[in-house]
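The values are calculated or read from the model by the stated rules, or taken from the named source; none is laboratory data. All values reported here derive from a predicted model rather than from experimental measurement. Ideal geometry is used to build each Cβ from the backbone, glycine not excepted, and the neighbour counts take in all protein chains shown.
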Amino acid sequence: MEFGLKPLGREKFWLWALLTPTLIGLLFGALGSVIATVLLSFAKWDLLTPPTWAGLVNYVDLFTDPKIMLALTNTLKFSALYVPGVVIVSLLVAVLMNRKLRGVSFFRTAYFLPTVTSAVATALVWNMIYGRDTGILNFILERIGLQPVCWLCAENAMYSVVLVNIWGAIGEGMIIFLAGLTAIPREYYEAAEIDGANGFQQFFRITIPLITPSIFFQTLMSTINAFQAFDYIYMLTRRGQGDSSIPVVVFSIYRNGWNFFNYGGASAQAILLTVVVAIFMAISFWLERRYVVYE
């Protein structure tokens, strides 16, 4: 049985007329760029001269160049810290914002604000906070008699940047978890209270199982965002010679493409990143079938 309305006659013409620009953009902008990236990954191209076939040279370099392997290692470390941090902190904030408190709308807006704020402007503010000589954090440390810390040096940059990225992603995660929390029937908690369950028992026995779809979705999105992390890393950890104190794969792609004009190598790294993300997505969907509860 067929449902819904179908465009007829002139309506069908205008439907395709209005969709055609979008379809052309998707065809050449999305699909075309993917095909171009795959082809360039097998070539040598510096943007100024015609591309030349290079075979698997760019892919061999992925596993022989220590800088690329360092970038991949940093990306995995960043993801291992960022994804659990975003999920846990966003969930805790959502639980707090799901209560009937005075001014809760203001706090929801305040937590969501970093999500819609320019990453460049935000990074400039965090540079003022993390600054070694004039930063706010070191000023506070010196006031209480402690030594200043180089927050964005190689030994501390990973944790500092992860903190900034988590702070910027809390709002989005809060909205996702709030949607899941508000969908839980209040009757479940009332029945648990009658049975003598305390707040922690209700949270782990009722709330967590019933928001596993939200947890899964937020984990999925956070993983993708972690592997695509660039803006805060670029703004906070870029050094004078153009590299980073914690180079990640996307930063390496950017530097190879726009600093060294090695578009073949940058394309190969993009393909590598895509494969790694696809592997993590496959694992996530396998775990979804085992642990995610849908009512």
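Considering the range 192-229 alone, what residues qualify as being in a loop (DSSP other than H, G, I, E, B), at pLDDT 90 or above and either surrounded by 16 or more Cβ atoms within 10 Å (Cβ to Cβ) or in contact with a strand residue (DSSP E or B) (Cβ under 7 Å, 6 or more places away or on another chain) (or both)?
Within the range 192-229, ILE211, ALA229 qualify.
Let me confirm something: among ILE233, ILE253, ILE246, which residue is buried (at least 21 other Cβ atoms within 10 Å of the Cβ), aliphatic (A, V, I, L, M) and in contact with a strand residue (DSSP E or B) (Cβ under 8 Å, 6 or more places away or on another chain)? First the steps, then the outcome.
Numbers: ILE253 fails: in contact with a strand residue (DSSP E or B) (Cβ under 8 Å, 6 or more places away or on another chain); ILE246 fails: in contact with a strand residue (DSSP E or B) (Cβ under 8 Å, 6 or more places away or on another chain).
None of the other options fit; the residue is ILE233.
Taking the criterion of being in contact with a strand residue (DSSP E or B) (Cβ under 7 Å, 6 or more places away or on another chain) and not charged (D, E, K, R), would at least one residue in the range 13-29 satisfy it? Walk me through it before giving the result.
Initially, the range 13-29 is screened for residues in contact with a strand residue (DSSP E or B) (Cβ under 7 Å, 6 or more places away or on another chain), giving none.
Checked against the condition, which is being in contact with a strand residue (DSSP E or B) (Cβ under 7 Å, 6 or more places away or on another chain) and not charged (D, E, K, R), the range 13-29 yields no hits at all.
Suppose we keep only residues that are outside any helix (DSSP H, G or I) and either in contact with a Pro (Cβ under 8 Å, 6 or more places away or on another chain) or at pLDDT 90 or above (or both) within the range 121-134. Which one would you say is farthest from ALA157 (Cα to Cα)? If you could, list the steps in order and put the result at the bottom.
First, the residues of the range 121-134 that are outside any helix (DSSP H, G or I): 131-134.
When the remaining residues are screened for being either in contact with a Pro (Cβ under 8 Å, 6 or more places away or on another chain) or at pLDDT 90 or above (or both), the result is 132-133.
Working: ARG132: 12, ASP133: 16 Å.
Step by step, filter the range 121-134, then rank; the result is ASP133.
Pull up the range 208-254, narrow it to residues that are within 20 Å of the chain's Cα centre (by Cα) and of a type in the set (D, E, K, R), then point me to the one that is farthest from TRP286 (Cα to Cα).
Selected residue: ARG238.
Going residue by residue through the range 179-190, is there one that turns out to be small (Gly, Ala, Ser) and surrounded by 19 or more Cβ atoms within 10 Å (Cβ to Cβ)? Walk me through how you get there before you give the answer.
Let us first name the residues in the range 179-190 that are small (Gly, Ala, Ser), namely 179-180, 183.
Remaining after also requiring surrounded by 19 or more Cβ atoms within 10 Å (Cβ to Cβ): 180.
Yes.
Pairs only if they're at least six apart or on different chains, beta carbon under 7 angstrom, first in the range 254-265 and hydrophobic (A, V, I, L, M, F, W, C), second modelled with pLDDT under 90 and part of a loop (DSSP other than H, G, I, E, B); list them, first residue then second.
Pairs that qualify, where the first residue is hydrophobic (A, V, I, L, M, F, W, C) and the partner is modelled with pLDDT under 90 and part of a loop (DSSP other than H, G, I, E, B), are PHE261/ASP46; PHE261/LEU47.
Could you give every pair whose Cβ atoms fall below 6 Å, whose first residue belongs to the range 115-136 and is within 24 Å of MET221 (Cβ to Cβ), and whose second residue is surrounded by 15 or more Cβ atoms within 10 Å (Cβ to Cβ) and hydroxyl-bearing (Ser, Thr, Tyr), counting only separations of at least 6 or pairs across chains?
Short answer, once both residue conditions are applied: ALA123/TYR232.
Can you name the residue in the range 6-24 that is in a helix (DSSP H, G or I) and basic (Lys, Arg) and is also modelled with the lowest pLDDT among such residues? Can you show your working first?
Quick first cut of the range 6-24, residues in a helix (DSSP H, G or I) only: 10-24.
Then drop every residue that is not basic (Lys, Arg), which leaves 10, 12.
Values: ARG10: 71, LYS12: 78.
Once the filter is applied, the top-ranked residue is ARG10.
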